[in-house]
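> Below are the structure tokens for one structure; questions will follow.
The values are calculated or read from the model by the stated rules, or taken from the named source; none is laboratory data. Since we're looking at a predicted model, the values are computed, not measured. Here the Cβ positions follow ideal geometry from the backbone for every residue, glycine too, while neighbour counts run over all protein chains shown. Ligands, DNA and RNA are excluded from the accessible area calculation, which covers all protein heavy atoms including side chains. Shrake-Rupley method; radii C 1.70, N 1.55, O 1.52, S 1.80 Å.
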Amino acid sequence: MAAITIDAVSKSYRRGEFALRDVTLEVAPGEIFGLLGPNGAGKTTLVKILLDLVRPTRGTTSLLSLPSRQVAARRRVGYLPEDHRFPEHHTPVSALLFFAGLSGVAPAVARPRIDALLAQVGLADAAGRKVRGFSKGMKQRLGLAQVLVAEPDLLFLDEPTDGIDPVGRAEIRGLLEQQRRAGRTIFLNSHLLSEVEQLCDRVGILARGELKRVGSVRELTQSAICWAITLSQPPGEALLAELVRAFGDARRAVSDGIPDPEAARTVELSLARDEAIDAVIDFLRARELSIRGVARKRTSLEAAFLDSVAGGGAAPGAAAGATA
Amino acid sequence: MIAFLALLRDTVLEARDKRVTWFLLLLGLLFVVLCGSISFTAVDADAALTRVAGNLGEFRFSRGMLDGGFTSRTEVEVAVTAPRAPQPEDDLPLGIDSLRVVELGFRRPEQLDELAVTWRHFAARLRRDGGRGPFVVVAPGSDEERQFAAPVTAAEQLELLESRFLDAGFRPVLVRRSAEQPGRFLVAVGNERPLALRGACTVAFGFGSWSTPLAETSQAEFLATLSVVVADSFAGFIGILVLLSVFAAAFPELLQKGRFDLVLARPIGRVRIVLFKYLGAVLLVLLLWTLLFAGCAVAMGLATGYWKFRLVGCAMTCTLLFAALYPAAMAVGIATRHVTLSTLAGVGAWGLERLIETARGVLQFADAEARARWQPLLDGVHAVLPKAGELARLNQWLLASDHLGAASASRLLGVVPEVDWAFAGGSTAGFAAVLLGLACLLVARRDF
């Protein structure tokens with residue numbers, strides 16, 4: 001049983017613009033799934049369709065085995081929207097009592113939970129203050145508390161650490177790890193790739209309404225193995241063309257605009273298998289080229305993301321990152 | 001139920017957060033204090049009796065303090081004896097402790113007949129429209145003209161005199177013609193209902209700091225009028241304006257980006273959210289009016305000793321008016337997400353009904369051609385709007401019947417026009433239901 005099922009969902013508007021095209025995805029229970037995408041990619045629309053805030057043009061979605069259109073599907077769900085606004089007449093306590101009430105949690109049950117949650121998100125001292133005086137970070141913390149107040153099994157978080165300082169971010173990451181340990185499923189929309197990298201079991205990359213890639217962070221960053229081979233002299237165009245013909249890929253290393261003599265002598269190749277490097281070395285040695293160094297490079301999530309967004313398939317090796 | 005209570009609590013907190021709510025509460029409190037600061041000082045009932053007997057030629061088209069009216073005077077020369085206790089030779093019924101007697105002597109008995117003819121006109125006009133409408137010139141030779149010009153009978157003379165004292169609030173009233181002297185009458189009046197006696201007391205406000213005599217008004221009429229002012233002028237006018245402006249903002253604010261998402265993501269249906277918010281606002285208004293009206297009724301009871309509680313019932317009618325108008329504000333608020341437009345829609349529906357009602361009244365005086373042109377349009381628009389005028393009349397009837405007898409109520413309110421309550425109630429409920437349905441539909445179908 002999947003926690004989230006998205007089956008061929010499309011959303012178009014009257015002007016014919018597509019927000020989502022044929023998106024299909026499943027998220028397993030207990031998984032932390034990160035959805036990446038540039039602004040306007042359709043991330044928020046997808047979450048809103050899952051929560052029945054927006055109706056899809058085609059396709060179906062379900063949460064915890066219940067169709068999203070059913071009210072009951074949201075019974076065990078918590079949602080933190082991006083740029084959320086709390087009613088300003090509330091204090092944190094009254095706001096959380098309100099949202100708990102909407103989820104059917106009686107005040108007597110919610111009250112002790114609220115005290116614990118406010119302490120957990122660092123708002124215990126501001127429990128009696130009106131929300132209108134809160135900073136963005138405080139509102140974000142309160143937002144997280146409202147997600148958790150009904151003790152949901154499935155959490156949708158849209159930019160949960162937006163506006164929060166680094167210390168606060170670490171605390172929130174800890175809180176989300178705690179939710180993972182409690183067996184909760186988390187669907188995370190974030191622009192912070194490092195955050196997604198640290199937290200998520202699997203990542204989806206959405207661009208122009210299409211789900212370009214889905215996989216674990218490891219799968220996305222290592223789906224293409226990139227090797228950097230430093231020669232004794234800069235490779236000529238003829239050599240590069242030969243390498244492309246023989247191995248499907250070869251290019252000069254990019255030095256990020258900083259003059260780097262070593263980069264000028266380095267050839268980068270994306271190979272499907274690790275073993276293929278032997279053939280490349282043999283190929284170079286057969287042409288009596290002197291090899292000064294061989295390094296295995298890992299593609300960063302950012303590179304995979306940028307590649308997917310740019311319209312590519314497998315992440316190329318045009319990225320800096322940790323060497324193997 | 002838990003979700004409904006959560007939304008109700010949210011509605012209370014939202015209303016509490018607005019300054020205008022506190023203004024309304026403060027104003028309400030002032031009314032309660034005003035009601036509690038009233039005191040009556042009775043003047044001698046004999047003085048009231050003498051005054052009425054001395055002003056028999058004066059007919060007032062007055063409806064207490066609700067309407068100024070005017071006075072018709074017919075010259076009558078009448079000698080009035082000083083009020084006295086009944087004597088055995090008066091042969092009056094026993095058992096009425098408060099009975100006082102005066103004797104009236106008409107110096108020119110034909111003046112009594114002239115007075116009776118004036119009374120016929122006066123009574124006919126009151127019967128027709130409570131004295132509100134225009135003078136109607138009776139056509140020469142018509143049945144009505146013949147009725148007015150018919151000779152005055154002896155029974156009619158007695159009935160006229162009796163009505164003058166009954167109208168002043170005396171109960172019972174016995175009028176007897178002197179067998180020996182034409183134009184001489186013995187009038188015995190009881191003062192069993194001092195509350196209903198006109199011109200027999202002074203009223204003080206501000207715990208006695210300012211007082212004024214009630215010349216043409218009884219204590220009961222004064223209290224009924226004050227209750228009508230609380231229910232109709234304060235709650236039905238200022239209160240409606242304030243509450244509509246407070247609650248009209250609720251939906252445009254709720255639908256703000258980032259705020260409604262938080263609510264919609266909860267396990268509660270969209271239509272239910274709209275209906276619960278509506279119901280919460282209506283219940284809050286009902287609670288507010290019940291507290292205010294109960295406070296005024298209790299304060300009046302404590303201050304004057306007259307405990308009348310139908311004022312509390314007016315909380316229901318005032319709330320019904322709000323319940324009928326609020327869906328207009330809701331529907332426009334949801335469609336436009338604009339607080340001002342939402343407020344204008346609620347207040348506008350109410351103002352339009354008042355305007356149409358006034359225009360229909362004014363049209364009665366217009367010529368036949370204008371009436372034929374405008375009446376169908378005004379009636380058509382009026383038919384679909386919530387019936388604020390009818391609800392106000394219901395309030396007035398409730399309050400007048402609580403404090404006053406039928407005659408005094410009629411004097412206070414005038415002749416209440418016939419109201420088709422089924423149509424008024426049905427069209428008001430229909431207006432609310434259609435707009436509430438529209439509000440639900442807009443929320444249910446839209447992407448957020």
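> Leaving out ligands, DNA and RNA but keeping every protein chain, what accessible area does B:SER39 have, in Å² rounded to the nearest 10, with a 1.4 Å probe?
Its accessible surface works out to 40 Å², give or take rounding.
> Moving on. With the dipole of chain B worked out from charges on the C-beta (+1 for Lys and Arg, -1 for Asp and Glu) around the Cα centre, which of B:VAL263, B:ALA85, B:ALA220 lies farthest toward the positive end?
Farthest towards the positive pole: B:VAL263.
> Sort A:PHE156, B:PHE207 by heavy-atom solvent-accessible area, probe 1.4 angstrom, most to least. Intermediate results must be reported in sequence, preceding the final value.
Details: A:PHE156 0, B:PHE207 150 Å².
Of A:PHE156, B:PHE207, the descending order of accessible area is B:PHE207, A:PHE156.
> Working from Cα positions, state the angle (0 to 90°, nearest 10) between the long axis of helix B:310-336 and the longest principal axis of chain B.
Here the helix axis deviates by roughly 30 degrees.
> Hey, got the dipole for chain A? About the Cα centre, +1 on K and R Cβ, -1 on D and E Cβ, debye to the nearest 20?
Values: 42 positive and 38 negative charges, 239 e Å.
With only Lys, Arg, Asp and Glu charged at Cβ, the dipole is about 1140 debye.
> Are there residues in segment B:237-282 whose accessible area shrinks by at least 50 Å² when all protein chains are included rather than the chain by itself, and which are they (probe 1.4 Å, ligands and nucleic acids not counted)?
In segment B:237-282, residues shielded by partner chains: B:LYS257, B:ARG259, B:ASP261, B:LEU262, B:ALA265, B:ARG266, B:PRO267, B:ARG270.
> Taking Cα centroids, how far is segment B:368-386 from segment B:425-448 in Å?
About 26 Å separates the Cα centre of segment B:368-386 from the one of segment B:425-448.
> Let me ask something else. Students often get this wrong, so check it: of A:LYS130/B:LYS257; A:LYS136/B:LYS277; A:LYS130/B:LYS277; A:LYS11/B:LYS257; A:LYS130/B:LYS308; A:LYS43/A:LYS136, which have C-alpha atoms separated by over 31 Å? It would help to have the intermediate numbers written out before the result.
Numbers: A:LYS130/B:LYS257 20 Å; A:LYS136/B:LYS277 28 Å; A:LYS130/B:LYS277 22 Å; A:LYS11/B:LYS257 19 Å; A:LYS130/B:LYS308 42 Å; A:LYS43/A:LYS136 22 Å.
In this structure, A:LYS130/B:LYS308 lie more than 31 Å apart at Cα.
> Any idea what the dipole of chain B comes to, in debye rounded to 20, about its Cα centre with Lys/Arg Cβ at +1 and Asp/Glu Cβ at -1?
Details: 43 positive and 42 negative charges, 425 e Å.
For this selection, approximately 2040 debye.
> Let me ask you something else. Which of the residues in segment A:89-110 lose at least 10 Å² of accessible area when you go from the chain alone to all protein chains together (probe 1.4 Å)?
A:HIS89, A:HIS90, A:SER94, A:LEU97, A:PHE98, A:PHE99, A:GLY101, A:LEU102, A:SER103, A:GLY104, A:ALA106
> Moving on. What angle, in degrees between 0 and 90 and rounded to the nearest 10, separates the Cα long axis of helix B:219-228 from the longest principal axis of the Cα atoms of chain B?
On a 0 to 90 degree scale, this one is about 20.
> With the solvent-accessible surface defined on protein heavy atoms using a 1.4 Å probe, which residues belonging to segment A:72-87 display a reduction of at least 40 Å² in accessible area in the multichain context relative to the isolated chain?
Residues losing area: A:ARG74, A:ARG85.
> Could you tell me what percent of the accessible area of segment B:45-200 is made up of carbon and sulfur, with a 1.4 Å probe and every protein chain present? Intermediate results must be reported in sequence, preceding the final value.
Details: 4270 of 7950 Å².
Ligands and nucleic acids excluded, carbon and sulfur reach 54 percent.
> Let me check something: with ligands and nucleic acids excluded, how do B:GLU156, B:GLU192, B:GLU144 order by accessible area (1.4 Å probe), largest to smallest? Please report the intermediate quantities before stating the final value.
Details: B:GLU156 30, B:GLU192 110, B:GLU144 75 Å².
In descending accessible area the options line up as B:GLU192, B:GLU144, B:GLU156.
> Over the heavy atoms of B:PHE23, what accessible area does a 1.4 Å probe trace out, to the nearest 10 Å²?
100 Å²
> Hey, can you grab everything whose amide H is under 5 Å from the amide H of A:GLY78? Only 5+ residues off in sequence or another chain; H modelled, so Pro and N-termini drop out.
Here A:LEU154, A:LEU155, A:PHE156 satisfy the definition.
> By how many degrees, between 0 and 90 and to the nearest 10, does the Cα long axis of helix B:45-54 differ from the longest principal axis of chain B?
The helix B:45-54 is inclined about 70 degrees to chain B.
> While we're here: Charges on Cβ only, +1 for Lys and Arg, -1 for Asp and Glu, centred on the Cα centroid of segment B:45-200; of B:VAL76, B:ASN55, B:VAL187, which one is farthest towards the dipole's positive end?
B:ASN55
> Report, please, the projected area of the protein assembly as shown averaged over directions, based on the convex hull of its C-alpha atoms, in nm².
48.6 nm²
> In whole Å, how far is the Cα centre of segment B:205-272 from that of segment A:1-52?
46 Å
> Shielding by partners for B:5-14, please: the mean number of other protein chain Cβ atoms within 10 Å of each residue's Cβ. If you can, show how the numbers build up before the last one.
Values: counts 3, 13, 3, 1, 6, 10, 0, 1, 7, 4.
Average per residue, whole number: 5.
> Would you mind computing the Rg to Rh ratio of segment B:45-200 from its alpha-carbon coordinates, Kirkwood style for Rh?
Details: Rg = 16.4 Å, Rh = 16.7 Å.
In segment B:45-200, Rg relative to Rh is 0.98.
> What is the interface area between chains B and A, defined as buried accessible area summed over both chains with a 1.4 Å probe, reported in Å² to the nearest 100?
Result for this pair: about 2900 Å² buried.
> Enter the accessible area of B:VAL347 (Å², nearest 10), with the probe set to 1.4 Å and all protein chains included.
40 Å²
> While we're on this one: Count the net charge of all other residues whose Cβ sits under 13 Å from the Cβ of B:TYR306, scoring Lys and Arg as +1 and Asp and Glu as -1.
Details: positive: B:ARG193, B:LYS308, B:ARG310; negative: B:GLU221, B:ASP402.
Within the 13 Å Cβ shell, the charges total +1.
> Where only protein heavy atoms count, and the probe is 1.4 Å, what is the accessible area per residue for chain B in Å²? Don't jump to the answer; show the numbers that get you there.
Numbers: 20120 Å² over 448 residues.
That works out to 45 Å² per residue.
> Which order do B:SER427, A:SER290 take by accessible area at a 1.4 Å probe, largest first?
On the way: B:SER427 20, A:SER290 40 Å².
Highest to lowest solvent-accessible surface, that is A:SER290, B:SER427.
> For chain A, with every protein chain kept in place, what is the accessible area per residue (1.4 Å probe, Å²)? Write down the numbers at each step before the final one.
Details: 14070 Å² over 324 residues.
For chain A, the per-residue accessible area is 43 Å².
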